[in-house]
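J.: Before I ask anything, let me first share the structure, which is written out below as C-alpha cells.
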Amino acid sequence: MAESLPLEMLTYILSFLPLSDQKEASLVSRTWYCAAQNALREINVRYNIPVSSASLSAIKSLGLRGISCIGLINLDGSPASQQVLQSVAHYLGPHLQSLCLGGGSPTEASFVALILGCPALRILDLSGCNSLFTSGMLLAHPETAQSVQKALSGLRELNLAGLRDLSDPSFNQLSSCAPSLERLSLAYCHLTFEPGLARGFTGSQYCPAKLSFRNLLRFVKERAGRLHALDLGGTGLPPEALKALGQVAGLQLQELSLHSCRDLSTEAVTTLCRQQPGLTSLDLSGCSELTDGALLAVSRGLRHLRRLCVGKLQRLTDAGCTALGALRQLQSLDMAECCLLSGRELARALGPLHGAPPTLASLRLAYCSSLKDASVFSMIPVLGQSLRVLDLSSCVALTNQTVQAICTYLTHLSVLRLAWCKELCDWGLLGLREPSEEPTHMPQVQDSQGWGGDGVAPVTVALLSLSQGALERKLRKNLSSRSFCLQPRPELEHQDSGPKESSLQPQGPSLLVLQALQELDLTACSKLTDASLAKVLQFPQLRQLSLSLLPALTDLGLVAVARGCPSLERLALSHCGRLSDEGWAQAAGSWPRLQHLNLSSCSQLTEQTLDTIGQECKQLRVLDVAMCPRINMAAIRRFRDRLPEVTCVQSRFVGGADLTLTL
C-alpha cells in the first residue's frame, strides 16, 4: 500500500475514479493510480452489497474498478437475488477473491452458477446459509461437483459456521471440491461425538444425517499437511476429542479456536500444547472449566503464540498471569470478563525482559471488575510503545487517574474503550487535577447562536481557565474557530491562567493527545458533560464513536463533536435525551461519511431530524430510532423512500414511551 496515503483517502478517491474514463484517470499519475488500486485489493476491503435491483449499477461499477472482496446482504431465492448473483458472476466473478454470503438463503442452483463464474476465489463464507444444506444434495451430481472443483481449486478459506443442517455427506461433497483448503470454520455447527473416542471410534451412534467428529477427524487426517487454521468454537468438543485431534500425524496447526467449548479440561489443553507447539493463535474464551494451570501450560508449550483469548474464564486468577511472561511474541491478549483478576501480576508479566520492548498491540480487560487504578498505573507505561487497542469497558473501579495515565503513555492508541467507567469525569479528559471543593461562581458555556441557560451544563471557573501552555491555547483557538465562546462573569475576567489556583494544576495531558484514535467508546460515562467533550473530541481520523447514555450531552456538545470528528462512520447516541432537532440541523452536515447511526430513546428528536439526516448523510446504511416517542412510522417511511440504500431501520416502539435507565 502506498505509504503516503491513508486507507480512508485511497478508498474515497478511488470511489470517484472509474477505470473506463482515461481522461479523469490521467489527472493523477498513472503509476500512483495503479499502485493505489493494487493497495486497495491487497488490504481486502470488503464491499457489502444489498441484494436489490438498485444494486445492479453499483455491481457493474465495482467490476470496472476490479474490486475483489464483497459480501451480499439479504440474499434469498427471489428473482431479484438471482439477478444480482448473475450480475456479480458477470462483472466481478473473473477477479473476485473473497465472497461472503453469510446468513443468506440462496438456492442451490443459483449458488452453483455463481461459483462457476468465480474461478479466482480464495475465501468463501457460507456461514448460516442453511438453505444450501437442507436437502443434503448440494453438489451431489458428479458433473456439477467436477465443475465446481475446478472453480474452487484455489480456495484457501471456507467458513461453514452456524449450519444446523450440515451432514457428513454434504460436508464431504463441498470439502472435496476445495483441495487447497487451509482454513476451516465449523463454529456452532451441530457436531456429534461417538463414545469410545480414545479406543479407535468404535461407537455405534454414527449418523450420516449429522456432522460427526469421526468424519471431521478423517478430513483432518487427509489434509494434515495443508490445514493450518481450525475453528471448532461452540461445538461442545469434549477433552477426548481434543486430544485425538491434536495427535493427528503431520498436523501442524497455527490457529485454533475452541471458544465456548465448556467441557474442555486443563489436562486436555496441556496435552494440546505439547502436541501442537507451533500454534500462533489460540482462543479458549468461555471454556469455563479451565484454571490457572491451562494458562501455565500455554505459556510453557506455545512459545510462538501471538494471539491468546482467555476471556470469560471465571477461575482464572492473578497467579495464572505470572506465566504470561514467557510469551515474548504475544501481540494480542484478551482476558475480558475474568472477574478475579486484579491486574497486579499482569504488568510484571508483560514488562520488558532483558531490555526487550513488549510487543503487545491489543489488550482487552473489559468487565474485569476487580481491576484498580494502581494495577493500571504499573501496566500502562511498559506498553506505551506498542499498544494500539485498549479495552477497559465496565472496569467500574477505574477513575480519572487511569485516563490521564493512558494519555501520558499510550499516545499511539487507535482504539480506546472506556464504556461504563462511571467514575470518569470532565477533569480526567481535560488532564486537570480535580479541585477539592466546588468553586463559588458557575458561569455557563454559550455558543454564537445564544444557546445555554437550562439546556447547557454549567462549567466551573477552573474549566474556564484552561490556557496553561500551548495545549490549552490550542483548545481556545479550536473552540473559537467552531463558533463557541466562553462567557465568564465580569468579576472573573481578571483571573490569571497561571498556577495561582491549586485546583488548576495540570494532572497530565488531555485526551487530545491521542490523535491516532479511530475508535472511542465513552458509553455510560455519565459524569461527562459538554465542558470536556466539546474540547477534547477533536480527532480527524476518528471513525467510530459512542456517547450513548450521557445524560448531560446537549446540542452544544453534539455540534462541537461534529466539527471536531468529521470522519465518523459509526455513531451511537442512544438515550441522550437532551439532543434536539436544532442540534442535528447544525451537526449533520459535518458527517457525510456516516454509515451507522444509533439514536434510540432520544426523546426530543422528531421527524425534522430524520429529514436532516436524509439530506446530509447520504452514505447511511443502518439507523436506529427505536423508542423515540416523537418520531412516527410515516416519517420513517419517508426517510426510507429518500434513502433506498439504507439496509436497516430499527423502529421498534417508535412513537411510544421512552425506556428509562438508572445510571
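J.: Select the strands (runs of 3 or more DSSP E) contained entirely in segment 96-187, then report the ones holding at least 2 residues which are under 21 Å from Ala224 (Cα atoms).
T.: Answer list for segment 96-187: 123-125, 157-159, 183-185.
J.: What tally of residues in segment 130-175 results from selecting those that are in contact with a strand residue (DSSP E or B) (Cβ under 7 Å, 6 or more places away or on another chain) and of a type outside the set (A, V, I, L, M, F, W, C)?
T.: The qualifying residues number 5.
J.: While we're on this one: Do we find that Gly320 is of a type outside the set (Phe, Trp, Tyr) and on the phi > 0 side of the Ramachandran plot in this structure?
T.: no
J.: Quick one: in segment 594-605, of everything that is in contact (Cβ under 8 Å) with a residue 40 or more places away in the chain and either under 11 Å from Ala572 (Cα atoms) or not small (Gly, Ala, Ser) (or both), which residue is least open to solvent (accessible area, probe 1.4 Å)?
T.: Ranking the qualifying residues of segment 594-605, first place goes to Ser600.
J.: Let me ask something else. If I ask for residues that are open to solvent by 10 Å² or more (accessible area, probe 1.4 Å) and either touching a residue at least 40 places away in the same chain (Cβ under 8 Å) or in contact with a Gly (Cβ under 7 Å, 6 or more places away or on another chain) (or both), which ones from segment 539-554 would you list?
T.: Correct list: Gln541, Arg543, Ser546, Leu549, Pro551, Ala552.
J.: Restricting attention to helices (runs of 4 or more DSSP H) lying wholly within segment 222-302, give those where 2 or more residues are among the hydroxyl-bearing types (Ser, Thr, Tyr) and without any contact (Cβ under 8 Å) to a residue 40 or more places away in the chain.
T.: Filter on segment 222-302 gives 266-275.
J.: Another question, then. Please find, among Ser574, Ser567, the residue that is more than 22 Å from Ala552 (Cα to Cα), open to solvent by 10 Å² or more (accessible area, probe 1.4 Å) and assigned to a loop (DSSP other than H, G, I, E, B).
T.: Step by step, each of Ser574, Ser567 is checked, and only Ser567 is more than 22 Å from Ala552 (Cα to Cα), open to solvent by 10 Å² or more (accessible area, probe 1.4 Å) and assigned to a loop (DSSP other than H, G, I, E, B).
J.: Output the number of residues of segment 118-143 satisfying the condition of being of a type outside the set (A, V, I, L, M, F, W, C) and buried (at least 18 other Cβ atoms within 10 Å of the Cβ).
T.: Result for segment 118-143: 5.
J.: Looking at (1) surrounded by 24 or more Cβ atoms within 10 Å (Cβ to Cβ); (2) not in a helix (DSSP H, G or I), which one does Gly557 not meet, given that it meets all the others?
T.: (2)
J.: Under 6 Å by Cβ, and 6 or more places apart or on different chains, what pairs join a residue from segment 315-336 that is in contact (Cβ under 8 Å) with a residue 12 or more places away in the chain with one that is among the basic types (Lys, Arg)?
T.: Asp318/Arg344; Gln329/Arg306; Gln331/Arg306; Ser332/Arg307; Asp334/Arg364; Ala336/Arg364
J.: Then there is this: Can you find a residue in segment 584-601 that is assigned to a loop (DSSP other than H, G, I, E, B) and hydroxyl-bearing (Ser, Thr, Tyr)?
T.: For segment 584-601, residues assigned to a loop (DSSP other than H, G, I, E, B) and hydroxyl-bearing (Ser, Thr, Tyr): present.
J.: Please identify the pairs in which a residue from segment 124-143 that is in contact (Cβ under 8 Å) with a residue 24 or more places away in the chain and of a type in the set (D, E, K, R) has its Cβ atom under 9 Å from the Cβ atom of a residue that is in a helix (DSSP H, G or I) and open to solvent by 10 Å² or more (accessible area, probe 1.4 Å), counting only partners at least 6 apart or on another chain.
T.: none
J.: Could you check, for segment 280-303, whether at least one of its residues is open to solvent by 60 Å² or more (accessible area, probe 1.4 Å) and touching a strand residue (DSSP E or B) at 6+ places or on another chain (Cβ under 8 Å)?
T.: no
J.: Testing Ser127 on (1) over 14 Å from Leu174 (Cβ atoms); (2) touching a strand residue (DSSP E or B) at 6+ places or on another chain (Cβ under 7 Å); (3) not aromatic (Phe, Trp, Tyr), one condition comes back false. Which one is that?
T.: That leaves (1) as the condition not met.
The values are calculated or read from the model by the stated rules, or taken from the named source; none is laboratory data. Every value quoted in this text rests on a predicted model; they were computed, and no experiment measured them. We place every Cβ from the backbone using ideal geometry, glycine too, and count neighbours over all the protein chains shown. Side chains included, ligands, DNA and RNA excluded: accessible areas come from the protein's heavy atoms. Shrake-Rupley method; radii C 1.70, N 1.55, O 1.52, S 1.80 Å.
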